[in-house]
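The values are calculated or read from the model by the stated rules, or taken from the named source; none is laboratory data. Predicted model, so just to flag it, every value in this text is computed and none were measured. Every residue, glycine as well, gets a Cβ built from its backbone with ideal geometry; the counts of neighbours run over all protein chains shown. Side chains included, ligands, DNA and RNA excluded: accessible areas come from the protein's heavy atoms. Shrake-Rupley method; radii C 1.70, N 1.55, O 1.52, S 1.80 Å.
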Amino acid sequence: GFPYNFEVKWHPTTDAISYDVQLADDATPANILLEQLGVLDTTLAINNVLPDEFNKSYRWRVRALIDNDSVSCSLDWSDWFTIKTPYGKPLLSEPLNNATCVSLEVPFTWQPPDDVLAYDIHLSSKADFSDTLHFAENWTDTLVVFPLDNEFSTYYWRVRASDANNVGVWSDGRQFRTTYKTPAVVYPLDKATGVPLTVNYVWKDKGEDALYHIQISDTDDFSNILADVDGLNERTFEYQHTLHNKYYYWRIKVKIGDCESAWSQDYVFKTYLAAPQLLQPANLATEVSNTPTFKWAAVPTTQYYELQLDTIANFTSAIIRQNIPASEIKLANPLLENQKYYWKVKATNQEGSGAWSQVFSFTTTYIPPTAPIIISPDNEEKKLLIDNVELVWSKVDRADSYHLQVTKLISFSNLILDTLNLIDTTYTLSGLDNYVTYQFRVRAINQGGHSEWSEPFAFRTINVVPTTPPDLTTPAHTAANEQTNVRLSWLATNHAEGYHLQVSKNEDFTNLLLEEKSLYVPYHNVYGLEYDTRYYWRVRAWNEAGIGPWSEERYFKTISLVSVQEELMSKYGVTLYPNPVSNIAELNINLPTLSTATLRLYNSNGVELPLNNGKVSGIGSNSIKIDVSAMPAGVYIWKLSIDNDVLTGKLNVVK
C-alpha cells in the first residue's frame with residue numbers, strides 16, 4: 001500500500017567503510033528524491049519517500065567509501081537500477097462482499113487498473129488466504145469462473161494485477177457464502193426411454209428444512225409448462241402424462257431458509273410406447289377357432305410385439321410369443337377345445353417396451369373334424385343300376401355325424417338329396433333316373449362345426465333297355481321296282497345307342513343276305529341287289545342295358561333288269577371286260593350324242609372307291625379303265641351316269 005516502502009540491497013565492496021545511496025525520478029534523473037550517505041549496511045529501507053503514484057518508475061544507485069592503508073576515497077557510483085511502484089488494487093465487483101446465497105457457478109468480476117494486461121486471482125477458504133482452493137495466473141480477462149464444490153460455505157477471494165511489466169497490490173479480500181447445490185436426480189434419469197405415463201419424479205433429499213421447486217414441460221425451452229410446483233417438502237412428485245412415445249423435459253431446484261439453488265440442468269425422457277388395442281378375437285368371444293389369428297392395432301415406431309396367452313388370468317403359465325414383427329399372428333399349433341384363454345400384447349422398440357394392453361379373453365370351439373374320403377363308387381364310374389347305388393366314404397375321427405349332398409349339376413346348385421345327421425358311412429340311393437350323371441359329396445360334423453367337403457365324385461346310371469321297336473320308313477312295305485342300290489331307313493328309337501339290321505331273301509330270315517349289328521344312324525345303304533328279287537328286312541334298337549324288340553318285317557322287290565338295264569345297255573353299247581378281273585377291266589361306251597359319262601365304284605358296304613379318270617366326254621366310242629390291282633377280292637358295284645340315265649352292274653374281283 002502507500003506510502004510505498006521498500007528496501008534496496010547490494011553486494012558488499014571490499015574495504016568499504018560505508019555506502020552512499022541515491023533515489024531519483026526515472027523520468028528526471030537529476031531530481032534526487034533521496035540521498036542517504038554513510039550507510040553502514042548493504043541494505044537500506046526506504047520509507048515514506050515515494051509519492052502515492054502507482055506503476056511509477058524510479059532509479060537508484062549506490063557507491064562505496066574505501067579506507068585502508070593505501071587509500072581513502074569514494075568509488076564511482078554503480079549503474080542506475082530501475083524500480084517501479086506496483087499496479088494499483090483492482091476494484092472487485094461480483095460477488096459482493098459478505099454476499100450470501102451465491103450461486104455455485106458464480107462468475108468473479110473486477111474493475112481493472114490502467115494499462116494492466118493480466119491478473120492473478122486467489123480463492124481461499126481462509127480469511128488470511130493461508131490456503132489456496134483455486135489460483136489463476138496471467139489471466140487476461142476481468143472475469144473468471146471457479147468450480148465451487150461446497151454448498152452453503154464461506155469463500156474468500158482477491159485479485160492483483162500481474163503481467164510481464166509489473167506486479168500489483170492485492171485487492172482487499174472479499175468473502176461470500178454459497179447457496180445450496182441443485183438436488184441430484186434419482187428418477188427419471190436424463191435421456192431415459194420407456195418411461196411410464198405416470199411418473200414419480202424423485203431427487204435426493206437436501207434435509208428436513210428443504211423446500212423444492214419442480215417444472216415439467218413438453219418443450220425443450222420450457223415455453224409450455226405442464227407443471228410448476230413450488231414449496232414441495234417431499235423429495236418426490238407424481239405427474240400423470242397423457243402422450244405415449246413423447247419427449248418430456250423437467251428441472252428441479254431447492255430452497256433452504258433464504259437460500260435457493262439454481263435450476264438443475266434440463267433433463268429429458270421419453271414415455272413408453274402406447275399399449276396396443278386388441279382387435280381379434282374379440283373380448284369374451286366364444287366358439288373361436290382352435291388355430292385363431294390374433295390381431296391388434298399397430299403402434300407407431302414399434303419394432304416388434306410380445307404376446308402372452310394363458311388359461312390363467314394372471315398369466316403365471318403363459319405361452320409367450322416374442323419378436324412378432326407385424327400386428328397379427330396365427331397360431332400354428334391348435335389350442336385346447338372348449339377352453340377359456342386370456343391374452344395381452346405389448347409393443348417394443350429400441351427404446352424399450354410399452355405397457356401391456358388390456359386383457360381379453362375368449363373360449364375356443366370344439367375342433368372340427370377332417371374331411372371324409374369317398375371310397376365307392378369310383379369317380380366317373382358308369383352303368384350303375386338306378387335302384388341300388390351304394391355311396392361309401394371313410395370314417396372320420398371325431399365325427400359325430402355326416403352331411404351328404406347329391407345333385408345332377410357340378411355346381412351343386414340344385415340338390416336332389418341334402419341329408420344331415422347320418423351316423424353310418426354308407427348311404428344307398430334308389431329311384432334315380434336312367435342314363436344320368438350324378439355328383440355327390442360328403443362332410444363330417446361334430447360340436448366344433450363341419451369339415452371341408454370331400455372331393456366331389458361323379459357316377460352315371462345305366463340306360464333303359466329300348467322297349468319300342470323301330471318304325472321302318474323306306475322303302476315302303478311291298479314296294480316294287482326298287483333300284484338294286486337302295487337306302488333302308490327307320491325312325492330313331494328312344495334310349496337307342498345303336499341298331500341291328502337284317503336283310504334276307506326269305507321271310508323267316510334263316511338265310512341272311514346282310515346283317516349289320518352296329519349301326520349308329522337310323523339308315524343303311526345296300527348296294528348290288530339282284531334284279532327282280534324280293535328282299536325282307538327288319539331292325540331292332542340296342543344300348544348298354546340290352547336289346548329291344550324287332551320291328552315288323554317288311555319286304556320290297558327290285559326292278560326287272562330286262563325292262564330298264566337291258567334297254568340302257570343296248571342304247572349306249574356298254575360292255576365290261578374282263579369280268580371277273582384281277583388287274584384292269586375296261587368299260588366301253590358308245591355315246592350317240594355329245595354327252596358326259598361318269599363312272600363310280602362302290603364296295604359291298606356302299607362306300608365309294610376312288611377312280612382315276614372315271615369321267616369321259618364327247619360323242620362316239622369311249623372307254624374307261626378300272627384298276628383293281630390294289631382291291632381285295634369281292635363283288636363291287638359300278639354305277640354309270642350318262643345325262644339323266646343311270647346304269648349299274650357288278651364287277652367281280654378275283655385274286
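A few notes on this one:
- Charge dipole of the stretch 296-386 (Cα centre as origin; +1 on each Lys and Arg Cβ, -1 on each Asp and Glu Cβ, all else neutral): 140 debye, rounded to the nearest 20.
- Shape summary of the stretch 402-538, radius of gyration then Dmax from alpha carbon positions: 25.7, 85 Å.
- Eligible aspartates and glutamates near K383 by straight Cα distance, threshold 16 Å, same-chain separation 8 or greater: D433, E497, E544
- Dipole check for the chain: with +1 at the C-beta of Lys and Arg, -1 at the C-beta of Asp and Glu, and the Cα centre as origin, the magnitude is about 4240 Debye.
- Computed over the chain, the per-residue total of -39500 (n - 2.57) for DSSP H runs of n ≥ 4 gives a 222 nm mean residue ellipticity of -500 deg cm²/dmol, rounded to 500.
- Comparing the stretch 155-268 with the 2.2 N^0.38 Å rule of thumb, its C-alpha radius of gyration ratio is 1.50 (two decimals).
- Too-long pairs where the Cα-Cα distance tops 24 Å, listed order kept, from K340/K395; K571/K625; K191/K295; K126/K181; K246/K346: K340/K395; K191/K295
- Surface listing: M569, M631 arranged by accessible area from highest to lowest gives M569, M631, probe 1.4 Å.
- By the rule of a C-alpha distance below 29 Å, with chain neighbours fewer than 8 residues away ignored, the lysines paired with K9 are K56, K84, K89.
- Per residue solvent-accessible surface (Å²) - the stretch 190-335, probe of 1.4 Å: 53 Å²
- Net charge, L384 excluded, C-beta distance under 15 Å - Lys, Arg +1, Asp, Glu -1: -3
- The stretch 1-89 - Rg and Dmax from Cα coordinates, angstrom: 14.4, 53
- Cysteines in the chain lacking any other cysteine Cβ under 4.7 Å from their own Cβ: C73.
- Ordering of 351-357, 382-388, 271-277 by packing [mean C-beta count within 10 Å, highest first]: 271-277, 351-357, 382-388
- A viscosity of 1.002 mPa s and a temperature of 20 °C, combined with the Kirkwood radius over C-alpha pairs in the Stokes-Einstein formula, give the stretch 64-175 a diffusion coefficient of 131 µm²/s.
- Positive-end residue of Q175, G649, G573, charge dipole of the chain with Cβ unit charges: G573
- Each of A136, G634, L415 was scored by the projection of its Cα onto the charge dipole of the chain, and the greatest displacement toward the positive side belongs to G634; charges sit on the C-beta of Lys, Arg, Asp and Glu.
- Approximate shape of the stretch 534-605 as ellipsoid semi-axes (Cα gyration tensor, √5λ), whole Å, largest first: 39, 18, 12
- Overall form of the stretch 252-383 per C-alpha gyration tensor (a/c, 1.5; a/b vs b/c): prolate
- Radius of gyration over Kirkwood radius for the stretch 481-640, both on Cα atoms: the Rg/Rh ratio is 1.05.
- Ranking L391, L335, W110 by Cα position along the charge dipole of the chain, where only Lys, Arg, Asp and Glu carry charges on their C-beta atoms, puts L391 farthest toward the positive end.
- Percent of beta bridges antiparallel (DSSP, the stretch 355-501, rounded to nearest 5): 95 percent
- Summed side-chain charge close to V144 - residues other than V144 whose Cβ falls under 15 Å, Lys, Arg +1, Asp, Glu -1: -2
- Globularity ratio of the stretch 237-312, using Cα Rg and 2.2 N^0.38 Å: 1.90
- Dipole magnitude for the stretch 216-286: about 320 debye, using +1 per Lys or Arg Cβ and -1 per Asp or Glu Cβ, origin at the Cα centre.
- Diffusion constant of the chain at 10 °C, which comes from Stokes-Einstein with the Kirkwood Cα-pair radius and 1.306 mPa s, µm²/s: 38 µm²/s
- Entry note, the chain: relative contact order of 6 percent, from Cα contacts under 8 Å with a spacing of 6+ residues.
- Pairs of alpha carbons in the stretch 313-361 whose separation is greater than 12 Å (percent): 73 percent
- Proportion of all alpha-carbon pairs of the stretch 44-109 beyond 14 Å (%): 76 percent
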